Amino acid sequence: MASDPDGPGPLDLTVEDIVLIENTTYDLTLKVENTIEGEDITEEIAGEAADHLFFFGWTGNIFSNPTGDGNIDNRQDPVNYNDQDINGLPLGLSTRWTTAAQMSSGTLRVVLKHQPDGLKTASSTLETGGTDLDLTWNIRAVITSTNDLERRGLQLRLAPNPVQTLLNWDLSDRSVLEKDYQIVIYNQFGQVVMVERNPEASFLHVGSLSKGVYYFTIHNGGEIYSNRFVKLD
């Protein structure tokens with residue numbers, strides 16, 4: 001999420017990091033609001049889709065689909081748009097992304113262009129029309145491969161796995177943990193289902209989780225350590 005609480009006022013724009021799990025498909029739905037005036041700008045953009053176009057660009061080995069680095073530098077580079085305007089041209093309020101099997105962290109830039117009066121075409125670029133929005137997010141990767149942990153000289157063990165109620169966890173070198181680390185559990189769709197901040201215990205109660213595959217992650221400063229576990233009925 002990105003927020004500018006007072007528009008052109010003295011308060012700073014805040015842009016939260018985005019955490020993505022490797023080898024996972026996401027549908028991204030953008031929502032644009034003027035919270036100061038209580039207006040949903042998303043409806044306006046959708047209603048004037050023929051005059052608007054979202055461009056996307058990214059750095060690092062984040063995505064396996066689409067490939068490349070986005071269409072900010074080259075309009076013809078692939079982006080998986082899920083929506084179109086009345087002319088069959090993409091809009092970008094809804095897009096689909098698949099992260100790489102061995103993804104790295106990087107950045108994602110989103111630019112909304114206003115291209116009215118026929119300016120929006122199949123070949124119009126970032127230089128065409130006015131800019132309504134230009135934001136960049138840091139992308140943090142949740143690495144689920146044991147090889148990445150081993151390169152750090154670490155092991156993250158979860159037991160029992162599969163689990164019903166009580167999940168024990170052990171990091172081989174706890175001295176690497178910072179004072180403000182936290183444990184975050186994601187479901188298979190990358191949604192946060194549980195957060196524990198600076199837990200003293202080496203176990204979590206997961207009995208309330210539904211049956212399925214989950215990702216146990218330790219957020220430790222700029223690093224994320226992760227392992228999968230299966231929750232039983």
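Tabulated results
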{"read-out": "Conditions (1) within 25 Å of residue 16 (Cβ to Cβ); (2) basic (Lys, Arg); (3) open to solvent by less than 20 Å² (accessible area, probe 1.4 Å): number failed by residue 140", "value": "(3)"}
{"read-out": "Residue selected from the range 9-58 under the condition part of a strand (DSSP E or B) and free of Cβ contacts under 8 Å to residues at least 60 places away in the same chain, by the criterion farthest from residue 105 (Cα to Cα)", "value": "39"}
{"read-out": "Enumerated strands (runs of 3 or more DSSP E) restricted to the range 59-138, each holding at least 1 residues that are over 29 Å from residue 223 (Cβ atoms)", "value": "94-99, 106-114"}
{"read-out": "Residue match in the range 185-193 (condition: more than 15 Å from residue 220 (Cβ to Cβ), surrounded by fewer than 14 Cβ atoms within 10 Å (Cβ to Cβ) and in contact (Cβ under 8 Å) with a residue 12 or more places away in the chain)", "value": "yes"}
{"read-out": "Matching residues in the range 207-233 - criterion: being part of a loop (DSSP other than H, G, I, E, B) and closer than 16 Å to residue 168 by Cβ", "value": "207, 209, 232"}
{"read-out": "Selection count where residues are under 22 Å from residue 19 (Cβ atoms) and surrounded by fewer than 18 Cβ atoms within 10 Å (Cβ to Cβ), scope the range 83-97", "value": "2"}
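The values are calculated or read from the model by the stated rules, or taken from the named source; none is laboratory data. What you see is a predicted model, and the numbers here were worked out from it, not measured in a lab. Cβ atoms come from the backbone with ideal geometry, glycine included; neighbour counts cover every protein chain shown. Just the protein is used for accessible areas: all its heavy atoms, side chains included, with ligands, DNA and RNA removed. Shrake-Rupley method; radii C 1.70, N 1.55, O 1.52, S 1.80 Å.
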